[in-house]
Amino acid sequence: MLKHCYLLFIFISCKSLVNKHNDIEKSTDTLFLWHHKDFDKDSIHGISLDKWYNENNKSSNNKIIVATIDSQIDLNHEDLQSQIWTNKKEIPNNGIDDDNNSFIDDVNGWNFIGVGNNNIQAFSNFEFVRFIKKNKVFFQGRDSLKYINTPLYREYKRALKKYESEYNYYTEYLKAEGILISAYYPAKDTLKYYFPKEDYTTKQLDSLYQIHKTNDKTFVERVNENDTSREFPDLIFYMKMIKRLSFTIEQMENSSKHKDSIVKKLLNFDYDDRIRIKNHHLEKGYGNNSLNSHEKLKRHNTEVSSIIIANRNNNKGVKGFHNNIQVMPLTISPFGDEHDKDIANAIYYAVDNGAKVINMSFSKEFSLNQEIVTTALQYAEDKNVLVIHTSGNASSNIDLTPFYPSDFNYVNSTEIVNNLITVGSISKRNDETMVTPYSNYGKNNVDIFAPGEDIYIALPDNKYDYDSGTSLAAPMVSGTAALIWLYYPNLTVQEVKNIILESGVTIDKMVIKPGTENEMVHFSELCKTGKILNTYNAMKMAEEVSKRKIRN
């Protein structure tokens, strides 16, 4: 979850903080696929995938499936189309569960938040809202005192605090944005007297405001006082604020509608986000097979998957890790937080249908049913499947602030499974700002860092761009794990995990701790290994371990 923008800018739809450092020309060689580069050759802490390809002359006829438990995906994207997993046991669109796995027509994967035959549950409660709804009965009745000082009570109080923070933020956001939207057209019409061509600049508006102003309140003060003044200087002031960030009325209206949905659905205790999902009460088989029906909900998985499987030979867009890697898209992510039941069932589906690697580029701060996800992770471990998880984008220490899914039991501080890798994000910068400012971190609960800023990715409708986030760091590790198993299939899940972590490049330097302006810490304090991913090293180590096993 992205950290909120500073309150002063709540009146405008803030750009994702993960794009904060996108000030480099997009077409430069140092930016395009920088995450594939090598530090010794290019002075960039990429994963050295190019170096491995330059030296490797061996081919592999194996196939590896990486399940992406994520949003929907653009199945028809030119750079992904031939790389999507196909369930050969299923006859397409015959309305029959041909392979008897409880999922009808699951030709390319499954949508666990599917509605009807071709729709999706786009909005979902935040998990802390669901947590409060479920547990408030214990803390509001006459027996509430016996729950005080229990782990459940502490988690409940944390959920209440989170709810209050989020609710206040979004309602204030809506109020502020509403003031600007309602003032836009009156301000636009009034200013035509001075600027008939409407070609005014922020500087001109500020000069005009200084001449006519009757007070000098900040915008935050106006919002707090619900000041919707329509006097001439106020209209200048509002237009100046809009102009300063180059926002259009359409963008503000769309942003306001989205935030209104957050308040009325994601933060609404009375909103039932499961009622429309067909047979959601079933243990499995609920949802539908529609993986690309929602225009706004298929971007994220398209980005993530392109890092892993984008065609390397078509001279278009992105280059993935290998053309023998396929992605199995499993949809669980709406606008809001994922349900633990969906996470667990997606893990079971992935394992039972042949995935060797599971990429989970999502996270949430609460887990209502962590035990069922834990059981699914243990099932994956027993079946020799590696799970890769993003650390999250809240600039938080996840040793202290829980983020789920996790291989860590926050109640008794124990590790639950040994087949999960949690990944933080670095940039291409080599100085003290190399750790991306939004990345979560943790000496115990983040295993390794990987490139996650200014990453060139595929977007729906055959488009490409740069994006940032720990969501893009995780598939760097997933792609590496898949590449290892393509060439060295005799390795166990624990061996692949250890190879990835041990072969990373040690960063021996002081860096700025995420979420701070200039607090310096040693890189080794931010993750368990003190390392960043290096695919070249991992492949070399995998070769050695594999040969040793064969000899023995």
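The values are calculated or read from the model by the stated rules, or taken from the named source; none is laboratory data. It should be emphasised that the depicted structure is a prediction, and the values quoted were computed from it without experimental measurement. Here the Cβ positions follow ideal geometry from the backbone for every residue, glycine too, while neighbour counts run over all protein chains shown.
Structure notes:
- One residue stands out in the stretch 341-369 among those that are in contact with a Pro (Cβ under 8 Å, 6 or more places away or on another chain) and surrounded by fewer than 23 Cβ atoms within 10 Å (Cβ to Cβ): the one that is nearest to Ser395 (Cα to Cα), namely Glu365.
- Checking Val373 against (1) touching a residue at least 60 places away in the same chain (Cβ under 8 Å); (2) more than 19 Å from Thr506 (Cβ to Cβ), the condition it does not meet: (1)
- Residue selection: Leu526 satisfies the criterion of being in contact (Cβ under 8 Å) with a residue 40 or more places away in the chain, buried (at least 22 other Cβ atoms within 10 Å of the Cβ), under 23 Å from the mean Cα position of the chain (by Cα) and over 30 Å from Lys298 (Cα atoms).
- Test: Phe128 is surrounded by 13 or more Cβ atoms within 10 Å (Cβ to Cβ), in contact with a Lys or Arg (Cβ under 6 Å, 6 or more places away or on another chain), closer than 17 Å to Leu297 by Cβ and not β-branched (Val, Ile, Thr): no
- Single match in Ser246, Ser261 (criterion: modelled with pLDDT of 90 or more, of a type in the set (Gly, Ala, Ser) and either out of contact with any Pro (no Cβ under 8 Å at 6 or more places or on another chain) or in a loop (DSSP other than H, G, I, E, B) (or both)): Ser261
- Restricting attention to the stretch 490-522 and to residues that are under 23 Å from the mean Cα position of the chain (by Cα) and part of a helix (DSSP H, G or I), the residue that is farthest from Val545 (Cα to Cα) turns out to be Leu501.
Table: residues versus (1) modelled with pLDDT under 90; (2) surrounded by fewer than 19 Cβ atoms within 10 Å (Cβ to Cβ).
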{"site": "Ser16", "(1), (2)": "yes, yes"}
{"site": "Asn22", "(1), (2)": "yes, yes"}
{"site": "Thr30", "(1), (2)": "yes, yes"}
{"site": "Asp42", "(1), (2)": "no, yes"}
{"site": "Asn54", "(1), (2)": "no, yes"}
{"site": "Asn61", "(1), (2)": "no, yes"}
{"site": "Ile64", "(1), (2)": "no, no"}
{"site": "Ala67", "(1), (2)": "no, no"}
{"site": "Ile73", "(1), (2)": "no, no"}
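- Scanning the stretch 310-321 for residues that are of a type outside the set (S, T, N, Q) and touching a Gly at 6+ places or on another chain (Cβ under 8 Å) returns Ala310, Arg312, Gly320, Phe321.
- Every test in (1) surrounded by fewer than 24 Cβ atoms within 10 Å (Cβ to Cβ); (2) in a helix (DSSP H, G or I); (3) under 16 Å from the mean Cα position of the chain (by Cα) is passed by Leu486 save one, and that test is (3).
- Residue count for the stretch 232-277, restricted to those that are in contact with a Gly (Cβ under 8 Å, 6 or more places away or on another chain) and polar (S, T, N, Q): 1.
- A single entry from Ala380, Ala394 fulfils the requirement of being outside any loop (DSSP other than H, G, I, E, B), assigned by TED's automatic domain parsing to the domain that holds Ile532 and of a type in the set (A, V, I, L, M, F, W, C): Ala380.
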